[in-house]
Amino acid sequence: MNSKQVVQCIWVVLMSVVFPCVLSQTCDALVPNDYCSCDFKDATGTSQGLVTLQYLDRTPPLVDKVAGKADPNHLYSYNPCTPFTQPPGDGCQNKAACQFVPSTSASYSTGTQESVLYKMSGSNVQFEYSDTEQQTLRTTRVTLICDKSAVPARINVRGEEETQYYYIDITTACACPDVCKDGPPVGPVKEGLSTGSILCIIFFVVLIVYLIIGALVNKYVRSKEGAEIVPNSGFWSDLPYLIKDGFLFAISPCKKKQAYDQI
C-alpha cells in the first residue's frame with residue numbers, strides 16, 4: 001500500500017469519526033407534562049444525560065419582574081416548570097413568561113409551559129416558549145449555559161432584542177448533562193478531562209516528540225540540512241495533495257450515486 005492509499009484510508013476513518021461531531025446536537029423531550037427537562041444527545045443520537053431546570057423552579061417565579069438590559073423600561077418574569085400569575089392586568093395568568101410595562105400597567109404573555117420547544121443555540125440547549133394574544137405572537141428564548149461552577153445559577157435578562165422576541169440566559173451547573181439528575185449540587189462540580197481531551201493531548205504530545213526526535217536524528221545522525229531535517233519531509237510536503245485525494249476518494253460514492261440517478 002503506497003502513501004496515497006494510506007492517506008485515503010486515514011481520511012475515511014477520520015471522516016467517519018470527526019464528521020458526526022460537527023453535526024447538530026439535540027435535546028429531546030422526555031415525558032408529557034415535563035416542561036423543563038430534556039435528554040441531551042450528541043450528534044450520533046447517543047444520550048449524554050439529563051438537562052433540567054427543575055430545581056430552579058420556584059414561587060415567586062425564578063425571574064421576578066427583572067428589567068431587561070436591552071429595554072430597561074420593561075420588566076420580565078419567568079418560571080421554567082410551574083405556571084405563575086402576576087398582576088397587573090390580565091395578560092399574565094398561568095404563564096411561563098411575561099413582560100410588564102410599568103408606565104402603562106400593562107402585562108403580556110410571552111410564553112406558556114405547554115408551548116416549550118427544546119432547541120440548540122450553538123452548543124447550548126435553548127428552551128423556547130411562545131404565546132399569541134390579540135393576534136400577536138410573542139416568543140421567549142431561554143438559553144441554558146453549562147458551567148459546573150455556576151452554583152447557584154447566574155441569570156441574565158437580556159429582554160426584547162428583536163421585536164416580540166425576548167431573551168434570558170441562565171448559566172447553571174444543571175445545564176450540564178446529568179449534573180442535576182439526582183438533585184441540585186450544593187457547590188461547584190469538579191470537572192475532569194473528557195475522553196476526547198485526553199486523546200487530543202496524547203496525539204499532540206506524540207506528534208511533538210516525533211518531530212523533535214526525528215529532527216535530531218536527521219541532523220546529527222544522518223547529517224541532513226534545511227527542510228530535510230523535518231522527519232519524512234517528503235510526506236509532509238505532499239500531505240495537502242494527499243488530503244485532497246483522500247477527500248475526493250471519500251465523496252466518490254456520492255458522485256457515483258448521482259451519476260446512477262441521472263441514468
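The values are calculated or read from the model by the stated rules, or taken from the named source; none is laboratory data. None of these values were measured; they are calculated from a predicted model. Counting neighbours? That spans all protein chains shown, and the Cβs are built from the backbone with ideal geometry, glycine included. Accessible surface is based on the protein model in full, side chains and every heavy atom, while ligands, DNA and RNA are left aside. Shrake-Rupley method; radii C 1.70, N 1.55, O 1.52, S 1.80 Å.
Name the residues in segment 37-64 that are among the acidic types (Asp, Glu) and touching a residue at least 60 places away in the same chain (Cβ under 8 Å), would you? Hits for segment 37-64: nothing passes. Would you please name the residue that is most open to solvent (accessible area, probe 1.4 Å), looking only at residues in segment 55-77 that are touching a Pro at 6+ places or on another chain (Cβ under 9 Å) and of a type in the set (A, V, I, L, M)? Residue satisfying both the conditions and the ranking: Leu75.
Being crowded, with 21+ Cβ neighbours inside 10 Å and within 15 Å of Leu53 (Cα to Cα) holds for only one residue in Leu144, Leu117, and it is Leu144.
Select the strands (runs of 3 or more DSSP E) contained entirely in segment 57-164, then report the ones holding at least 1 residues which are of a type in the set (Phe, Trp, Tyr). Working first, answer last.
Working: elements: 63-67, 75-78, 97-101, 106-111, 117-121, 124-133, 136-146, 154-162.
It comes to 75-78, 97-101, 106-111, 117-121, 124-133.
Taken together, Lys224, Lys190, Lys181 contain a single residue that is at negative phi, modelled with pLDDT of 80 or more, under 33 Å from the mean Cα position of the chain (by Cα) and not in a helix (DSSP H, G or I), which is Lys181.
So, in segment 5-45, of the ones that are at pLDDT 70 or above and of a type in the set (Phe, Trp, Tyr), which residue ends up farthest from Val142 (Cα to Cα)? Step by step, filter segment 5-45, then rank; the result is Phe40.
Of all the residues in segment 221-249, those that are among the aliphatic types (A, V, I, L, M) and loosely packed, with under 15 Cβ neighbours inside 10 Å number 4.
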